Amino acid sequence: MANTTNYAFKRPTIGGAANTWGNDLNDNWESVDTNLKTVSDTASAALVKNSNLSDLADAAAARTNLALGSIATEASTSYVKTDTENTFTVDQTFGAVTETVTTKTASFTPTLATDGTIYLCSNTITITMPTVEAGKSFTVIHSTADTLTFTGTIKWNLGSAPFHSAGIDIFCFISDGVNWYGVQTGTGFA
């Protein structure tokens, strides 16, 4: 009779273990039970409860247990992290994106990281352009005949700021990291 390599489970001899396989099987299950049990001496336990991924609060430890290594440092990994900026080297397809809408009734500077990307504005308002940052954009929908003013450097389509109507006007802005580009996408909506 031979034993298994790692845990020394009893391996009954084929054709020669008559009336002994039941005892061998019971002994093997007892060994499995002992090896799976949580014990204070983790060196003697093959699997301990704190190695279970559902018990780990530390994401890095969970990745290590799965042999995934460090996402932040391994160039060969293909993970998208939600708490840091990601760079894509090939085209990506994303599901629907819902814009955040923020109502403003007084002058403001768009805070794209926390406020929103669509600003519903009313009253006399001055909008101060935020710092340029590549890929950032926002939309302003102004719904009253009150004065709407933009301060900061904006490159407008046709070279000058558009007029403001008595109806609802829509302005869109996008940054290439060097400039804000502005366009009046609609005017006089009623």
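Write out, first by first residue and then by second, each pair whose Cβ atoms fall under 6 Å of each other, whose residues are 6+ apart or on separate chains, and whose first residue, in the range 178-190, is hydroxyl-bearing (Ser, Thr, Tyr) while the second is part of a loop (DSSP other than H, G, I, E, B).
THR187/SER165
Among what's in the range 154-184 and is at pLDDT below 90 and among the polar types (S, T, N, Q), pick the residue that is nearest to THR87 (Cα to Cα).
ASN157
The values are calculated or read from the model by the stated rules, or taken from the named source; none is laboratory data. If you're wondering where the values come from, they're calculated on a predicted model, not measured in any experiment. With ideal geometry, Cβ positions are generated from the backbone for all residues, glycine too; neighbour counts draw on all protein chains shown.
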